[in-house]
Amino acid sequence: MERTFVMVKPDGVQRGLVGEIVARLERRGLRLVAAKFMTVGKALAEEHYGEHKGKPFYAGLVDYIMSGPVLAMVWEGPNAIAAIRQTMGATRPTEAAPGTVRHDFGLEIGRNLTHASDKLETAEREVALWFKPEEQVTWTRDVDRWVFEKA
Ligand code: IDP
Ligand code: MG
């Protein structure tokens, strides 16, 4: 079972898409582990996007993520990292597949609604950056054996 960090960015919150995005992950069978609705301070924003430091869009990206409240979450499931990246779609909404969040609700790369960890080491780093261990809920669902081959 993989855990991954997911965020509805400020544009997704402002546009009232929190429920839609959470519903798509729930419907897919993924299991919610942690969630908090919060505004992001500069230190956390810069640390989260540290890998992009020095890129031309970095300052705008940090401002974007601090521009309004976000919903920060941890989700889990088999291959959760790849599954959620697929549900969100390609970074550039005009390259995202139809049926993905970024395709269905977005137009611009700098307003692409969501974040999701891109690989295992990123997921581990981001989950730990955003959530304390005691904020992550380990639980089971009655439906798990119908969604997970090995529950
Ligand atoms: P990802 O969110 O799909 O993992 P990354 O390449 O990690 O994409 O970039 C992080 C975020 O930075 C993107 O989601 C997007 O919001 C923003 N971003 C990436 N490239 C550009 C760009 O060229 N212009 C403006 N924003 C960008
Ligand atoms: Mg990324």
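The values are calculated or read from the model by the stated rules, or taken from the named source; none is laboratory data. Here the structure is a predicted model, which means the values were calculated and not measured. All Cβ positions, glycine included, derive from the backbone under ideal geometry; neighbour counts span all protein chains shown. Note: accessible area is taken over every heavy atom of the protein model, side chains too, but ligands, DNA and RNA are not part of it. Shrake-Rupley method; radii C 1.70, N 1.55, O 1.52, S 1.80 Å.
What translational D, rounded to a whole number of µm²/s, comes out for segment 82-151 from Stokes-Einstein when the hydrodynamic radius is the Kirkwood one over Cα pairs, at 10 °C and 1.306 mPa s? Stokes-Einstein gives a translational diffusion coefficient of 112 µm²/s.
Put a dot 7 Å past the Cα of Ala90, heading toward its Cβ, do the same for His52, and the two dots end up 1.8 nm apart. Give me the net charge for the shell around Glu108: Cβ to Cβ below 11 angstrom, other residues only, Lys and Arg +1, Asp and Glu -1. Net charge around Glu108: +2. Evaluated with a Cβ-only charge set (Lys, Arg +1; Asp, Glu -1), segment 1-42 carries a dipole of roughly 60 debye about its Cα centre, given to the nearest 20.
The mean of 1/r over all pairs of different alpha-carbon atoms in segment 31-107, once inverted, gives a Kirkwood hydrodynamic radius of 14.1 Å.
Rounded to the nearest 20 debye, the dipole magnitude of the chain is 180 debye, with +1 charges on Lys and Arg beta carbons, -1 on Asp and Glu beta carbons, and the Cα centre as origin.
Taking Cα atoms only, the orientation of helix 120-130 departs from the longest principal axis of the chain by about 80 degrees.
For the chain, take the longest principal axis of its alpha carbons; what is the angle in degrees between that and the long axis of helix 18-28, to the nearest 10 within 0 to 90? It works out to around 40 degrees. Size descriptors for the chain, from the alpha-carbon set: Rg then Dmax equal 14.9, 47 Å.
In the context of the full set of protein chains, residues of segment 1-93 present 46 Å² of accessible surface per residue (probe radius 1.4 Å, heavy atoms only). Given a 1.4 angstrom probe, I'd like the percentage of the accessible area of the chain that is carbon and sulfur, rounded to a whole number. Of the solvent-accessible surface of the chain, carbon and sulfur hold 53 percent.
Per residue, the chain reaches -10500 deg cm²/dmol at 222 nm when only DSSP H runs of four or more residues are counted, each adding -39500 (n - 2.57).
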